[in-house]
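The values are calculated or read from the model by the stated rules, or taken from the named source; none is laboratory data. What you see is a predicted model; the values in this text were computed from it and never measured. Using ideal geometry, Cβ is built from the backbone for each residue, glycine included, and neighbour counts are taken over all protein chains shown.
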Amino acid sequence: MRIATLRTNTGTQAIIVDGPTTARTIEGFSDIGALLNDEQWYEVLLDVESEQFEFNPEDLAPVIPRPGKIICVGLNYAKHIREMGHAQPEVPTLFIKFPEALIGPYDDAEVPEFANKCADFEGEMAVVIGAPARNVAKQDADGVIAGYTIINDFTMRDFQKQTQQWHQGKSFENTAGFGPWLDVDFQPGATLTTRVDGEVMQLDSTGDLIFSPGDLIEFISRIYTLQPGDVIATGTPEGVGHAQDPKRYLRDGETVEIEIDGLGSIKNRVKFV
């Protein structure tokens, strides 16, 4: 089952996505974040009886418009670790992205003039939390996962490299495509592909993570409580522009498409502003 947040003339609306352009309204919930904060959210989905309607995919908002937390994981694919010149970590490498960075799955990524020299793409599978999680063991993690979606951990490499902390290059406003929907039945292991103007840049299996979603939830939930609607971006495979020779940064007007087999795709045009 796929659920999403749709922009309408009166705000946003949580929907069940039945087909490429068909959906049903989840009455009483303005977005998927609000839905997940209902303890009976899955039962709510099973009881939806609204009529099917047509929608424009370009009207999809970030699947969760304002997550309480967006926790990103760096260095979680072995080949990406090697291409970036790092040692393999013994524990997850975490950093934070703020909700202001998020855009819809088909929105433009807005890159300001002062930060347009080293813009880079990072296609990632994201885990969305569906129940409060504190000190959750790896083997119990599936019980607190609402589902999976796609995110572009859009990165300004020059800002990232200014200090040993990565956050300042990772959270530029209106850059990170997020969606197109939350798939509550998806299981990791599918192929992730990132294309720039149709050219394949990243290609790897989401099952090849060093730290699985269960590992990540166990580690993070020992530090703080994960809440419904929180997002964990699980890391990116090899092939990012910064690691290529010569480096391949994004240019004005190029389109970044990130696809995960069985999960859908997001497609965001880079717009220098």
Legend entry - Qualifying residue in region 51-68 (condition: among the charged types (D, E, K, R) and at pLDDT below 95): no
Legend entry - Pick from region 223-273, criterion over 20 Å from Ile129 (Cβ atoms) and among the aromatic types (Phe, Trp, Tyr), ranking: surrounded by the fewest Cβ atoms within 10 Å (Cβ to Cβ): Phe272
Legend entry - Qualifying positions in region 179-238 - at pLDDT 95 or above and part of a helix (DSSP H, G or I): Pro213, Gly214, Asp215, Leu216, Ile217, Glu218, Phe219, Ile220, Ser221
Inset, instruction - With the condition kept exactly as written, say whether any residue in region 40-57 is within 21 Å of the chain's Cα centre (by Cα) and among the small types (Gly, Ala, Ser). - result: no
Inset, instruction - Determine whether region 158-166 contains at least one residue that is under 24 Å from Asp59 (Cβ atoms) and at pLDDT 95 or above. - result: no
Inset, instruction - Answer with yes or no whether Thr194 is polar (S, T, N, Q), crowded, with 17+ Cβ neighbours inside 10 Å and within 16 Å of His80 (Cβ to Cβ). - result: yes
Inset, instruction - Could you pull out every one of the helices (runs of 4 or more DSSP H) wholly within region 28-126 that has 3 or more residues that are outside the structural domain of Gly229 (by TED's automatic domain parsing)? - result: 32-36, 41-46
Inset, instruction - Could you give me the residue pairs with C-beta distances under 7 Å whose first residue belongs to region 73-91 and is under 14 Å from Glu122 (Cα atoms), whose second residue is at pLDDT below 80 wherever it lies, and which are 6+ apart or on separate chains? - result: Leu75/Ile81; Leu75/His86
